[in-house]
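Have a look at the structure below before the remarks.
Values in this text are rule-based calculations from the coordinates and carry no lab data. Here the structure is a predicted model, which means the values were calculated and not measured. We place every Cβ from the backbone using ideal geometry, glycine too, and count neighbours over all the protein chains shown.
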Amino acid sequence: MNAISIAAALLIAPLPQGGADDLTDRLAARAERALEADELDGLVVVVGVGDEVLLQKGWGRLPGGGLAAPDSVFRAGPLVEPLTALAAMRLVERGALDLDAPVGKYLEGLEWEGTEITVHHVLSHTSGLIGWADAYEAAGRGDIDIAGALELVREGGVQTPPGACFDYSESNGLVVGALVEAVSEKTLPEAIETMVLAPADLDATGFDVDGAPPARSQAACSAEIAGEQIDVVHAVHVFGEDAFCASALDLFKLGQAVHGGDAFEDAAVRRMTESKRLEDGSETGHGYGFSVSKLGDLTSLTKGGSADGTTVHIAYYPEPDVSVVLLVAAERAPLGALERDLARIVLDMPLPGVQDVRLTADEAKAFVGRYQVGCTTFEVAVREDGRLSVGVADRPNYRLLYQGRRRFVAERDPDVTFEFVVEDGQTSAQKMLIDERGRLSEAVRFQ
């Protein structure tokens with residue numbers, strides 16, 4: 001690929017002096033800095049514009065000892081959710097599934113007294129359904145099938161009115177998968193294979209593909225059970241998600257098939273990848289199976305997750321047609337900042353500058369407390385090293401770096417910022433302004 005074709009595809013100014021080779025070197029150098037900084041055992045990067053690949057490279061090894069290479073097959077269970085959403089939208093395209101219909105229309109008996117949960121609600125994670133995994137843990141984690149898991153969802157009920165809050169819950173993915181099976185009259189793996197993967201003409205992606213690495217044998221984490229710390233594996237794969245595998249190069253091809261090819265209807269993809277709104281008009285930052293955010297004025301669509309010792313992160317920028325696929329041999333690796341820096345390099349945008357100004361104890365005290373925005377409560381606390389952290393229940397805490405003037409950035413993701421508002425005559429902040437990759441919100445302190 002030459003510099004002229006890249007610039008034409010991006011509709012931006014020509015690349016800096018040095019052209020495409022220099023661009024590839026800069027991309028590789030940024031990836032190598034992340035590899036060293038996070039002490040990663042293995043990393044795979046695929047970056048491209050349109051169907052032209054600018055960088056495809058791997059470093060180190062993946063879990064199980066295989067080389068970290070762009071065509072290496074890895075277990076990619078977390079990607080089954082967006083693929084399930086794609087299958088659901090294929091059924092919507094055909095008129096077989098109605099986004100505004102209650103889920104009980106297709107799944108007999110899956111109803112909740114006094115409320116109506118629609119297909120749209122479960123696809124957008126705004127159903128208010130309580131996650132079923134905790135109930136399953138309490139029941140002793142015996143054998144369970146799809147019907148049994150749906151019964152746990154029905155019994156668990158709703159914690160917020162449908163459409164009022166965004167809450168990422170495994171119950172939503174379960175219901176969407178069951179809907180696809182019921183309407184398509186296929187198993188979910190069969191539906192994904194025929195309606196999503198086959199049109200993309202992939203080489204090494206699917207369920208039980210040749211060359212798949214061994215399934216995870218060790219526990220994913222530990223939990224306190226009856227006063228003892230016991231190793232457990234929380235994931236329950238009622239659809240066989242643990243058998244799904246892919247390669248980084250195939251995921252790049254899949255992104256092109258979905259967003260830039262003829263395999264999927266443009267209108268359906270747009271509906272999937274638009275940030276949904278709650279009843280109060282606020283954006284959720286989530287579409288159907290994809291997160292929606294901003295890099296400057298550009299929209300990005302992302303999806304990822306961890307399984308079997310690897311973390312995968314996929315991003316697509318529709319307007320400039322830029323794709324980034326990352327695979328790392330680590331659980332819960334912070335790949336978002338690396339992905340956006342790689343996109344910035346392709347787009348000839350400056351990389352973010354981050355300070356780390358030390359706070360005094362009195363300064364930190366002004367920001368500590370609980371803040372509420374919509375249905376979400378943030379807890380701001382002081383760490384042992386004197387820096388602040390901000391967290392939400394059941395999610396990792398952000399360690400914050402102070403930029404001055406009451407503004408902080410997340411250490412692992414400088415595109416997430418927190419700015420505190422201290423009104424005249426007050427010693428403590430009353431509000432926290434959050435910019436989460438272009439999604440703005442205002443959190444108010446609890447009194």
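Peptides 173-184, 418-429, 347-358, 152-163 ordered by packing proxy, namely the average of other Cβ atoms within 10 Å per residue, highest first: 173-184, 152-163, 418-429, 347-358.
When the Gaussian network model of the chain links Cα atoms closer than 10 Å, the mean-square fluctuations of 359, 83, 342 top out at 359. In summary, the helical segments of the chain meeting the span-like criteria, namely a full DSSP H run, a Cα extent along the axis of 18 angstrom or more and a mean Kyte-Doolittle hydropathy of at least -1.0, are 19-37, 80-93, 170-184. Summed over qualifying helices (DSSP H, 4 residues or more, each -39500 (n - 2.57)) and divided by its residue number, the chain shows a 222 nm mean residue ellipticity of -8000 deg cm²/dmol.
The magnitude of the dipole of region 145-217, with charges of +1 and -1 set on the Cβ of Lys/Arg and Asp/Glu and taken from the Cα centre, is near 260 debye. If you run the Gaussian network model on the chain, springs between alpha carbon atoms under 10 Å, then out of 49, 238, 325 the most flexible one is 238. When only the Cβ of Lys, Arg, Asp and Glu is charged (+1, +1, -1, -1), the dipole of the chain relative to its Cα centre reaches about 1240 debye. Of the GluC sites (Glu not before Pro) found in region 39-140, the ones in coil according to DSSP and having at most 15 other Cβ atoms within 10 Å of their Cβ are 39, 108, 111, 113, 116.
Measuring between alpha carbons in the structure, the pairs from 365/431; 186/253; 294/431 lying more than 18 angstrom apart are 186/253; 294/431. Ordering of 398-407, 73-82, 383-392 by packing is 73-82, 398-407, 383-392, highest average first (other Cβ atoms within 10 Å, averaged per residue). Taken over the chain, the alpha-carbon convex hull comes to 167 cubic angstrom per residue. Using the alpha-carbon centroid of each, what span in Å lies between region 376-416 and region 158-174? The two parts, judged by their Cα centres, are 26 Å apart. Summing Lys and Arg as +1 and Asp and Glu as -1 over all other residues whose Cβ lies under 11 Å from the Cβ of residue 164 gives a net charge of -3. In a DSSP loop and with at most 11 other Cβ atoms within 10 Å, the GluC sites (Glu not before Pro) in region 234-320 are 279.
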